[in-house]
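Just so you know, all these numbers are worked out from the coordinates, no wet-lab data involved. Everything numeric here is computed off the predicted structure, so don't read it as measured data. When we count neighbours, we look across all protein chains shown, and the Cβ atoms used for this are built from the backbone with ideal geometry, even at glycine.
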Amino acid sequence: MNGNRERMPLIALRGASKVYRTGDVEVAALKGVDFTVEAGEFVAIMGSSGSGKSTMMNILGCLDRPTTGRYLLEGQDVSRLDRTELAVVRNRTLGFVFQSFNLLARTSALENVELPLLYAGVSARERRRRAREALERVGLGERLEHHPRQLSGGQQQRVAIARALVNRPRLLLADEPTGNLDSRTSVEVMVLFQELRREGITLVLVTHEPDIAGYAGRVVVMKDGRILSDQRQQPVPAVVPPLEEAVS
Amino acid sequence: MNLLETLRLAVSSLLRSKMRSFLTSLGIIIGVGAVIAMVAIGDGARANVQKVFDSMGTDLLIILPGSSNSGGARGGFGSQPSITWDDLEAIRTQVPSVRAAAPELRTSTQVFSEDQNWRTSVIGTTPDFFAVRAWSLAEGERFSEADVEVGAKVVVLGQTVVEKLYGAGFNPVGQVVRINKMPFTVVGVTARKGQSPMGTDNDDTLFVPATTFQRQVQAQSLGKYIPGALFVQADPTAGTARAWEDLTVLLRERHRLSEDEANDFDIRDLSEMANSRQQSTETLSLLLASIAAVSLVVGGIGIMNIMLVSVTERTREIGVRAAVGARPRDILAQFLIEALVLALLGGLVGAALGLGVARLLAARFQWPLLVRPDVIFLALGFSALVGVGFGLYPARKASRLDPIDALRYE
Ligand SMILES: Nc1ncnc2c1ncn2[C@@H]1O[C@H](COP(=O)(O)OP(=O)(O)OP(=O)(O)O)[C@@H](O)[C@H]1O
Ligand SMILES: [Mg+2]
């Protein structure tokens, strides 16, 4: 049973399409996409604005459902699940990182990171311990009690990553995680992602920057709601440049 | 997520905007406060009425002689004497449903001490009167049957009369007062009673034996008829209604009234009067309490209003929570419990406020402070109900938000 599960792809979109209806206008944001990700892969999705990257990520993250087609996550057809079951999948199986961080304002970093554990029914003490661990992991061990507005953009994104990781998901989805960050902070985030990849977490990220895509082992390019190309590559190891260089 | 966690979440989110939370629950605070104060006021007023009527004497009936009919002009009850001293004796001895009975002959006159005088009402009666009308003695004792027998010139003074003639706190037993120029020896002083149900001063009176009253105060000879009313105390086990029947039968028989003749007397049941008074205060307090209850509902609408605003304002928060795994019912519980906490806290503060107001009013009107715990629990339960009832719609709205729409909300 377990072996069977290991052999099937972690993510499998089968003929997934998404149609947005605004008044009388229909926009087909995804047009019958087939997309497979094996466990342990690090995939970068690129493509021009409006090509359907976020639409696909939201479906992969169980935040949205395809209009037609199927989405198999760990072999389970999640496009048939109800709202409560989807919430449980979001909570247990995957972590999502947004371009705009989406942290709760006026809530400490620690409490933000505890959030998924709260809904997983983890005891208060264990929550605290694991949230602290996750924050230390992303290098924010000193900022536990800071509120989002007391943190820089890079720090906020790291809190968001800690939150996505805290419930130990198999899959980390990130929609333009470095979109609001400078290049140095972006690289720091990529160092973290490559570490996670080595630990066996599957990563899918959306980016506009070819540099960032270079850190992934596979690059998928989208255009007009379809996959244009899908190539494997040798990932560039992420190294944070020394501080003087960044300044010059 | 368990209840305690949800509760903590709700409280911390309410604490984040303290002023708004306070203003939101103000409606409930006022509603619950008003209900508790109103019920306490109603109860206090009722207890007060009860106290006043109890001071008149319990299980009380009053018999008034018949009406005169001279030249076609019919006088009211009491205008024609029809009850005889023998009737009184028969009532006292032959009716088992009667515990005691005494006449009340009444006039007003000037009384003199050595250096003061005062106009007051004089009651001529028998010793039973003190028991029937619930007069207890503060000093000395009441006059005796023998005093009535011989027409002794003895008097029992009310507190107000003592105050006016001798000053407060003086014990006048053994002193002589003059009524109609006759010297009367003071044998007792009644205990203070205060206001009568009609609002007059009960203690502004003095008591003399009925015989003395007729001979000395009114300077008349003793007749067959009683020139006044009779007070009758029913046996409490028989009740006033039963005594009323028995008295009517007895008096009709004694007055030899045929079937088609009307009563030549009038018997009134004072406990019934007390009951109807009681009922009108009860109706009033019920009315006040229901008006207050309406304000509770208005308070609930206030909560709903603010919760709806809050759900809209916090759409992104809801989206974030949903994105990290909050189930619809977690969101529902969060907002529902926020509304519940608002309502319950409002209820608690309101209860304290209502108690304070009730205490203040009780002190102001010298009512007994009566606070019924069942009313407090009812008011709190009702405010919880209001919180859940009016919080449900906003909470459902929140729980039905689509995570991706909520996250996109600006
Ligand atoms: N909620 C929505 N309602 C209607 N149309 C939408 C909605 N979300 C996206 N679209 C449309 O679907 C298409 C794909 O949008 P999507 O957000 O997936 O693009 P994207 O590749 O993420 O672009 P970007 O790089 O700018 O983020 C676009 O044409 C967009 O206008
Ligand atoms: Mg996008």
Global size of chain B as Cα Rg and Dmax, reported in angstrom = 33.6, 106
Can you work out the PRE-style zone for residue B:180? Point 7 Å along Cα to Cβ, and I want the residues of region B:86-117 with backbone N under 19 Å.
-> B:103-113
Taking only the alpha carbons of region B:193-232, the radius of gyration and the largest Cα-Cα distance, Dmax, both in angstrom, are 13.2, 35
Label-point separation in nm, residue B:225 to residue B:16, each point 7 Å along Cα→Cβ = 8.8
Rounded Å value of the spacing that divides the Cα centres of region B:1-57 and region A:77-95 = 44
Note on region B:81-263, DSSP bridge orientation, antiparallel percent to nearest 5 equals 75
Could you pull out which residues in region B:214-254 have an amide N less than 17 Å from a spot 7 Å beyond the Cα of residue B:93, following the Cα-Cβ vector?
-> B:250-251, B:254
Which residues in region B:244-262 have a backbone N closer than 20 Å to a point placed 7 Å from the Cα of residue B:85 along the Cα-to-Cβ line?
-> B:251, B:254-255
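Stretched out fully, how many nm does the piece from residue A:22 to residue A:224 gain, at 0.36 nm a residue minus the Cα gap?
Values: separation 202, 0.36 × 202 = 72.72 nm, distance 1.80 nm.
Here the answer is 70.9 nm.
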In a Gaussian network model over chain B where Cα atoms closer than 10 Å are linked, find which of B:105, B:88, B:23 has the largest mean-square fluctuation.
-> B:23
Just need the relative contact order of region B:81-263 here, percent rounded to a whole number, with Cα pairs under 8 Å and 6+ apart.
-> 31
In whole µm²/s, the translational diffusion coefficient that Stokes-Einstein assigns to chain A, given a Kirkwood hydrodynamic radius over C-alpha pairs, 25 °C and 0.890 mPa s, equals 131
Check: C-alpha center region B:250-294 vs C-alpha center region B:137-183, spacing in Å is 35
At residue A:183 and residue B:107, where each label point lies 7 Å from the Cα along Cα→Cβ, what is the point-to-point distance in nanometres?
-> 12.3
Rounded to a whole number, the Stokes-Einstein D of the protein assembly as shown in µm²/s (Kirkwood radius over Cα pairs; 25 °C; 0.890 mPa s) is 75
Calculate, in nm to one decimal, what residue A:31 and residue A:133 gain on full extension: separation in residues at 0.36 nm each, minus their alpha carbon distance.
-> 32.6 nm
Over region B:158-216, equivalent-ellipsoid semi-axes from the Cα gyration tensor in Å = 20, 16, 9
Express the Stokes-Einstein translational diffusion coefficient of region A:28-170 in µm² s⁻¹, to the nearest whole number, given a Kirkwood radius over alpha-carbon pairs, 20 °C and a viscosity of 1.002 mPa s.
-> 130
Dipole axis of chain B (+1 Lys, Arg; -1 Asp, Glu on Cβ), positive-most option in B:292, B:116, B:249 | B:292
Cα extents of region B:1-42 along the principal axes, largest first, in whole Å, come to 45, 24, 9
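Among DSSP beta bridges lying fully in the protein assembly as shown, give the percent that are antiparallel, nearest 5.
Details: 61 of 88 bridges.
Bridges in the protein assembly as shown are about 70 percent antiparallel.
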Can you list, bin by bin at 5 Å, the percent of alpha carbon pairs in region A:119-248, starting at 0?
-> 2, 9, 18, 21, 20, 14, 8, 6, 2, 0
Name the lysines eligible as straight-distance cross-link partners of residue B:181: C-alpha to C-alpha under 20 Å, and not fewer than 8 places from it in the same chain.
-> B:153, B:164
Pairs of Cα atoms under 8 Å, at least six residues apart: use those to get the relative contact order of chain A, whole percent.
-> 25
Given a cut-off of under 8 Å on Cα pairs at least six residues apart, what relative contact order in percent is computed for chain B?
-> 29
Dipole axis of chain A (+1 Lys, Arg; -1 Asp, Glu on Cβ), positive-most option in A:169, A:227, A:124 = A:124
Computed curve, region B:81-263, Cα-only Debye sum without solvent term, log₁₀ I(q)/I(0) at 0.09, 0.13, 0.17 Å⁻¹, is -0.35, -0.69, -1.08
With helices defined as uninterrupted DSSP H runs, which ones in chain B have an alpha carbon span along their own long axis of at least 30 Å and mean Kyte-Doolittle hydropathy of at least 0.0?
-> B:18-56, B:270-313, B:328-365, B:373-399
Please name whichever of A:16, A:72, A:61 sits farthest to the positive end of the charge dipole of chain A, dipole taken about the Cα centre and charges placed at Cβ: Lys and Arg +1, Asp and Glu -1.
-> A:72
Treat each spin label as a single point 7 Å out from the Cα along the C-beta direction, and report the residue B:195 to residue A:145 distance in nm.
-> 6.1
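Using the Cα centre of the protein assembly as shown as the reference point, and only Cβ charges (+1 on K/R, -1 on D/E), how large is the resulting charge dipole? Debye, rounded to the nearest 20. Write out the running numbers ahead of the final one.
Details: 73 positive and 70 negative charges, 486 e Å.
Result for the protein assembly as shown is approximately 2340 debye, rounded to the nearest 20.
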May I have the extent of the alpha carbons of region B:306-410 along their three principal axes, as whole Å values ordered from largest to smallest?
-> 64, 24, 18
For residue A:31, which lysines qualify as cross-link partners when the Cα separation must be under 24 Å and same-chain residues fewer than eight apart are set aside?
-> A:18, A:53, A:223
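Give me a single rounded figure for A:121-133: the average over its residues of other chain Cβ atoms within 10 Å of their Cβ. List each step's numbers first, then the result.
Values: counts 3, 1, 2, 3, 0, 0, 1, 0, 0, 0, 0, 0, 0.
Mean inter-chain Cβ contacts per residue within 10 Å come to 1.
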